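Chemist: Please read through the structure below; I'll follow up with questions.
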Amino acid sequence: MEYPCVKKEARWLINTQGIRTIVTIKEKPLSQEWLNYNNGTNTSADGTKIDYLYISVHYYGAPSLEELDRVANYISQQIDRARRNLNLLDL
């Protein structure tokens, strides 16, 4: 799936596929309603926080190098955080 196009797809990714981080690079961000769970908080059905990064590009243009660097750093931070969480489970 390229990206969720409707609320049902976003919830499917989050609730059944274990997605906890979403990055979009497009003209408009995902609807906040799609990401809001549990009385308006960005958490999945099991209470896990959903992280979201949006980078705006106009008319299907490309993001700048600085924006791509920001995305790469964000993804790296998310991976590092997930590894730390997995290490805590091993204790």
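The values are calculated or read from the model by the stated rules, or taken from the named source; none is laboratory data. Please read all numbers here as calculations on a predicted model, not as lab measurements. So basically every Cβ, Gly included, is an ideal-geometry build from the backbone, and we count neighbours across all protein chains shown.
Chemist: Can you work out which of the residues in region 76-86 that are surrounded by 12 or more Cβ atoms within 10 Å (Cβ to Cβ) and farther than 17 Å from LEU30 by Cβ is modelled with the highest pLDDT?
Modeler: This residue is GLN77.
Chemist: Among the numbered criteria (1) more than 23 Å from CYS5 (Cβ to Cβ); (2) at pLDDT 90 or above; (3) surrounded by fewer than 12 Cβ atoms within 10 Å (Cβ to Cβ), which single criterion is violated by LEU89?
Modeler: All conditions are met except number (2).
Chemist: For the list (1) at pLDDT 90 or above; (2) in contact with a helix residue (DSSP H, G or I) (Cβ under 7 Å, 6 or more places away or on another chain); (3) assigned to a loop (DSSP other than H, G, I, E, B); (4) not aromatic (Phe, Trp, Tyr), I need the number of the one condition that PRO63 fails.
Modeler: Unmet for PRO63, out of (1) at pLDDT 90 or above; (2) in contact with a helix residue (DSSP H, G or I) (Cβ under 7 Å, 6 or more places away or on another chain); (3) assigned to a loop (DSSP other than H, G, I, E, B); (4) not aromatic (Phe, Trp, Tyr): (2).
Chemist: Would you check which residues across region 31-60 are at pLDDT 80 or above, surrounded by fewer than 13 Cβ atoms within 10 Å (Cβ to Cβ) and in a strand (DSSP E or B) and list them?
Modeler: TYR54
Chemist: Could I ask something else about it? Condition test on ASN73, is it over 14 Å from THR24 (Cα atoms), modelled with pLDDT of 95 or more and in a helix (DSSP H, G or I)?
Modeler: yes
Chemist: Out of curiosity, is LEU13 at pLDDT 75 or above and surrounded by 15 or more Cβ atoms within 10 Å (Cβ to Cβ)?
Modeler: Considered against the rule, which asks whether it is at pLDDT 75 or above and surrounded by 15 or more Cβ atoms within 10 Å (Cβ to Cβ), LEU13 comes out as yes.
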